[in-house]
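The values are calculated or read from the model by the stated rules, or taken from the named source; none is laboratory data. Predicted model, so just to flag it, every value in this text is computed and none were measured. Because the Cβ atoms are built from the backbone with ideal geometry, glycine has one as well, and the counts that use them run over all protein chains shown.
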Amino acid sequence: MLIINALTKFIFGLILVGALLFLPAWTFFYPGAWLFIALLFIPMLIMGVVLLVKAPALLEKRLNNKEKEKAQQGVIALSGLMFPIGFIISALDFRFSWSSVPLWLVITASALFLLGYGMYAEVMRENAYLSRTVEIQEGQRVISSGLYGVVRHPMYLATLLMFLPLPLILGSFWGLIPFALYPTVTVIRILNEEKVLTEGLTGYAEYKTKVKYRLIPFIW
């Protein structure tokens, strides 16, 4: 059942993130970790419930992470290393006091994270074809309204806003080092995704001429 699958992945993700943060920190008294867990999993739970009720098909697609494109498999593998390493370094930073992030910067990073989350939710509302894997779906059409009228990949812009400041939420400057790889990972994924969509999705080539910027307005 969809609800069991979603709940299982939610609980597994919560346990995994908790283990990657609290074990290296060697304490549960890690305010940055609790802040990040709250910022990540509370909206995730709300969004999951909303999708389960209003758009179960979209929720099912979001739960699918079996990537078929070889280029994307490499990107996912790199992300699979980047996130745990970033979490562990940030937790060790907290444990051994390697760096100290001022409160105003933690608050700013948290605000950017929530802004990205809100953008992510809006993208999901606009695009019923949104999947975690790069693929052409049956009956898929080009979405060019809303955020898709500003940049071609607003979902990836949302994840940049969420993930780049993540170590700052955890109270670590050193954790920024592995997460600095994320823009490169994103660019590789976008370039491959656009190749697939241009070749297989009717109207996407025309859409690229209409919306010129892939990720950041007036930059790229």
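The sole residue among 186, 209, 108 that is of a type in the set (Ser, Thr, Tyr), surrounded by fewer than 18 Cβ atoms within 10 Å (Cβ to Cβ) and either closer than 24 Å to residue 43 by Cα or modelled with pLDDT of 90 or more (or both) is 108. Residues in segment 71-84: is at least one modelled with pLDDT of 85 or more and of a type in the set (Val, Ile, Thr)? No, there is no match, as no residue in segment 71-84 is modelled with pLDDT of 85 or more and of a type in the set (Val, Ile, Thr). Quick one: what pairs do we get from segment 96-109, first residue within 12 Å of residue 32 (Cα to Cα), second at pLDDT 95 or above and of a type in the set (Val, Ile, Thr), C-beta under 6 Å, 6+ apart or different chains? Partner pairs satisfying both residue conditions: 109/169. If you go through segment 168-189 and keep only what is assigned to a helix (DSSP H, G or I) and touching a helix residue (DSSP H, G or I) at 6+ places or on another chain (Cβ under 6 Å), you end up with 168, 169, 176, 178, 179, 182, 185, 186, 188, 189.
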